[in-house]
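The values are calculated or read from the model by the stated rules, or taken from the named source; none is laboratory data. Just so you know, these numbers come straight off a predicted model, no measurement behind them. FYI the Cβ positions are ideal-geometry reconstructions off the backbone, even for glycines, and counts take in every protein chain you see. The area values use the complete protein model at the heavy-atom level, side chains included, leaving out ligands, DNA and RNA. Shrake-Rupley method; radii C 1.70, N 1.55, O 1.52, S 1.80 Å.
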Amino acid sequence: MRAHWWKVLAIILLAYTIVAGLLFEVPRLPILNETIRALYFHVTMWFGMILMLMVAVAYSVKYLRSGNLQDDDVALEFTNAAILFGVLGIITGMLWAKFTWGDYWSGDPKQNAAAIGLLMYFAYLILRNSLTDVHQRARIGAVYNIFAFAAFIPLIFILPRLTDSLHPGNGGNPGFNAYDMDSKLRMVFYPAVIAWTLLGVWLSNLRIRAKRLERKLEDKIINQH
């Protein structure tokens with residue numbers, strides 16, 4: 001049970017995030033009103049995505065230094081989990097945009113940057129799948145992952161701030177702190193970040209274990225022949 005405490009915590013925090021995110025009282029802000037509840041899903045999923053991409057980059061660097069395929073497994077599966085959260089983040093963001101900006105996709109610089117960033121990571125998966133040699137795939141994938149992350153962070157955090165954007169904190173718009181990021185929001189926001197991140201770690205670990213079992217079976221079959 002000690003080894004699984006964080007899984008129990010993930011379940012508790014996820015349940016809390018969903019229930020509190022939908023039912024707890026929120027500040028009545030102009031335009032946003034009840035739609036600010038999307039903050040607990042859209043923004044926190046992207047926080048989790050960034051944390052998982054950081055882990056993926058760390059293990060990509062580790063693989064380049066060690067040549068150990070287990071490090072590449074971690075880098076790949078954390079990237080996969082991050083992509084999933086990125087897609088969910090964009091979908092929830094589109095729903096939020098529909099009710100606050102009037103359209104699912106308004107061509108906002110941050111929306112466009114997020115879409116470009118995800119396309120870069122889709123290209124990472126396509127590149128990996130196009131290579132047959134496992135070590136070449138891991139090596140090229142690791143290098144790509146490092147450079148993709150180095151481009152992704154400025155793309156979604158810096159460039160949108162240099163132009164007009166509807167997103168809070170960009171293009172001269174005040175961030176949520178300037179509005180009302182009060183205790184009501186923080187009570188759910190921070191646990192939600194932890195919840196989605198733990199879920200991403202859980203999903204990644206399951207896929208890593210499955211990949212390593214698959215490799216062991218393949219090696220066993222090869223040795224038998």
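Structure summary
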quantity	calculated
Contact order relative to length of the chain, as percent, for alpha carbon pairs under 8 angstrom and 6 or more apart	32
The stretch 107-157, relative contact order in percent, only Cα pairs under 8 angstrom and at least six apart counted	50
Angle in degrees between helix 134-153 and the longest Cα principal axis of the chain, rounded to the nearest 10	20
The chain - accessible surface per residue (Å², probe 1.4 Å)	55
Distance (nanometres) between label positions extended 7 Å along Cα→Cβ at Arg28 and Leu213	5.3
Folded to 0 to 90 degrees: helix 42-66 orientation relative to the chain principal axis, Cα	30
Carbon and sulfur %, accessible surface of the chain computed with the full protein complex present, 1.4 Å	67
Gain on full stretching of the segment that runs from Val19 to Thr35 - 0.36 nm per residue minus C-alpha separation	4.2 nm
Rounded to 10°, Cα long-axis angle of helix 5-23 versus longest principal axis of the chain	30
Percent RCO, i.e. relative contact order, over the stretch 64-138, from Cα pairs under 8 Å lying at least 6 residues apart	31
Partner lysines for Lys220 [C-alpha distance under 30 Å; skip if fewer than 8 residues away on the same chain]	Lys62, Lys211
Sparse-neighbour loop sites [trypsin sites (Lys or Arg not before Pro); the stretch 1-94; at most 16 other C-beta within 10 Å; DSSP]	Arg28
